[in-house]
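Q: Quick one: the structure is below, and I'll ask about it shortly.
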Amino acid sequence: MVNPELRRQVINVYKELLFLGREYPLGYQYFRDRLHRAFASQKQITDDEQIRKGIARAEFVKKEVEALYYLKRYRTLKKRYGSEA
Amino acid sequence: MSGLRILVPVKRVIDYAIKPRINKAQTGVETAGVKHSLNPFDELSIEEAVRLRERKGPIKVEDILALSAGGPKCPDVLRTAMAMGADRAFHIDVPDKGDGGPEPLTIAKMLQAVVKEQNVNLVLLGKQAIDGDQGQTGQMLAGLLGWPQATQASKVDIKDDAGTVEITHEVDGGVETLRAKLPMVITTDLRLNEPRYASLPNIMKAKKKPLEKKTLADLGVEDTRRLKTLKVTEPPPRKGGGKVEDVDGLVSKLKELGAL
């Protein structure tokens, strides 16, 4: 039986990633399919330590996606409003 | 000085990634069924207010009030603002008439009334909204209040507990540093900070934060218009360039166009 606390954490991070995916430049469907596959590919792991590592990786991806959104917006605005230099 | 009471006015605008379409009557931009979000420059001002609190500077941030004027969907962006860290929000109900919303002067007068009523001593505004691109509200508000203003800030630093604030902003070929005393008005530029993402758990928590609904009449302001939009049109489409084979081709092409 998997640790229920870790199970909750995994579901939470999955939901947060799904929420982030709503604004993904290539579309929600693209993001969701890949996210689903990434989680499903890890479904066989039962070791607590392995699961914690997986959650840490998901948190890292979350940060990356947030940074991607920030940069995309920053660059667009800079192009529109920044000086020509 | 006792504590900072910050007002952050925000606007709900068409999302930056969407290409705006002109409506059929050529009176404005099509807004129905288009994705809207919080004006990016307003996101910067909320982030700065929250960072002023987190920095634990000489003056404690007592209150961060987000405010937006507009139709029934405005609370969405106010929730985003509260998810990023604003404490409470006012929604000023202004019916959507499809004319681009109230003019900057109306908004400035409305903000003046809120500043008086809520005892605000720092107003942080985005330098402009990406829909109207007017960039006047902050300046008008400072004028109406008779407060010092620092526009397009790229750095905000509270120096001491007497309320001295140093603001840096980018000018041609360098930076300019201004010093002023609170109360004051600051407008934010793109490089002030990196706004945090309003995450799902924070949006959920923000649903519990207080959101008050008011009308312009409550604040003693009337929505009058001084400008009339005559016509809105799209910029002419760009014409593609052509390739020439060699130097002679280039010269003849230039002659043809009358450049030589």
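The values are calculated or read from the model by the stated rules, or taken from the named source; none is laboratory data. It should be emphasised that the depicted structure is a prediction, and the values quoted were computed from it without experimental measurement. Cβ sites come from the backbone with ideal geometry, for glycine too, and all protein chains shown count toward neighbours. Note: areas computed on protein heavy atoms with side chains; ligands, DNA, RNA excluded. Shrake-Rupley method; radii C 1.70, N 1.55, O 1.52, S 1.80 Å.
Q: Look at region B:16-64 and say how many of its residues are surrounded by fewer than 16 Cβ atoms within 10 Å (Cβ to Cβ), charged (D, E, K, R) and away from chain A (no Cβ under 14 Å).
A: Adding up the residues that qualify gives 8.
Q: Residues in region B:158-194 that are away from chain A (no Cβ under 13 Å) and in a loop (DSSP other than H, G, I, E, B): how many?
A: 7
Q: Still on this structure: For region B:195-209, which positions are surrounded by fewer than 16 Cβ atoms within 10 Å (Cβ to Cβ) and away from chain A (no Cβ under 13 Å)?
A: B:205, B:207, B:208, listed by residue number.
Q: Open to solvent by less than 100 Å² (accessible area, probe 1.4 Å), in a loop (DSSP other than H, G, I, E, B) and not β-branched (Val, Ile, Thr), is that true of residue B:212? I'd like the intermediate steps shown before the answer.
A: Numbers: open to solvent by less than 100 Å² (accessible area, probe 1.4 Å): yes; in a loop (DSSP other than H, G, I, E, B): no; not β-branched (Val, Ile, Thr): yes.
Against the criterion (open to solvent by less than 100 Å² (accessible area, probe 1.4 Å), in a loop (DSSP other than H, G, I, E, B) and not β-branched (Val, Ile, Thr)), residue B:212 does not qualify.
This table checks each residue for (1) at pLDDT 90 or above; (2) open to solvent by 30 Å² or more (accessible area, probe 1.4 Å); (3) farther than 28 Å from residue B:177 by Cβ; (4) under 17 Å from the mean Cα position of the chain (by Cα).
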residue	(1), (2), (3), (4)
B:80	yes, yes, yes, yes
B:87	yes, yes, yes, no
B:96	no, yes, yes, no
B:101	no, no, yes, yes
B:106	yes, no, yes, yes
B:109	yes, yes, yes, yes
B:121	yes, no, no, no
B:149	yes, yes, no, yes
